[in-house]
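The numbers here are math on the coordinates, done by the rules we state, and not lab data. Predicted model only: the values in this text are computed from it and were never measured. Cβ placement follows ideal geometry from the backbone for every residue including glycine, while neighbour counts extend to all protein chains displayed.
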Amino acid sequence: MTAGTTALAGISALGLFMTGCSTGGTGTRDEGVAPPADKVAHATPSPSASTQAPFTKVDPVRLLKGDPKVSARVKAQLKPCTKDEYPIDVTYGHLTGTTGQDVVVNVMNCADAVGLGAYVYRASGASYDNVFTAEETPVYAEIDRGDLVVTRQMYAPGDKPAFASSEVVTTYRWSGGATGKFAQQDQVENDYSKAVDGSGTSAPAPTTP
């Protein structure tokens, strides 16, 4: 009996020891105390495009006619095609690294939409400054991920207006802050096949006599 009682007491003590380890020890199974709910960091969502301030529309015709950097040739062709519809494309964005907006204006002709001139205007208070001009016809300017991309189609003798031989695409990036300018970053040239000219016909195959 004495031996049995001693053994039972030993087993009970061991059980109490194991229970103590599993509830209050500092072994590798401890995972720490969860932080209070009011101290958990939450990511702040970034504002969506719908919450950003809209761009301020401009009158591109008035802007061009009052700009001394626009050539007389372009101004002479700046006429409406139908009623009050001018052949002008306008793009609003951010190119010059300012909090204000930039405006890209492309002027085309009414006959075949050939680009006559491309211009970039930078907001300066209530007015706009011309910070880029390209009038090497045909030309077209666009905004691509914060860069200015200017495309010029190159024609060889005999090319049709809709089928240029090649095009040169130049990428510009603004540098220098408020008093900066656009600097060329990259340029590529695409040469087009002469096999397709839009006529839908090809030269006849030679015949054998």
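Counting only aspartates and glutamates at least 8 places from Lys57 when in the same chain, those with an alpha carbon closer than 12 Å to its own are Asp102. At an R0 of 22 angstrom, the distance between the Cβ atoms of Val114 and Cys81 translates into a FRET efficiency of 0.95. In this simple spin-label approximation, Met154 and Val168 carry label points 7 Å from Cα along the Cα→Cβ vector, and these lie 0.7 nm apart. Protection proxy ranking, highest mean first, for peptides 106-114, 73-81: 106-114, 73-81, where packing is the per-residue count of other beta-carbon atoms within 10 Å, averaged.
Among the listed pairs Lys75/Lys160; Lys75/Lys194; Lys79/Lys160; Lys83/Lys181, those whose Cα-Cα separation exceeds 32 Å are Lys75/Lys194; Lys83/Lys181.
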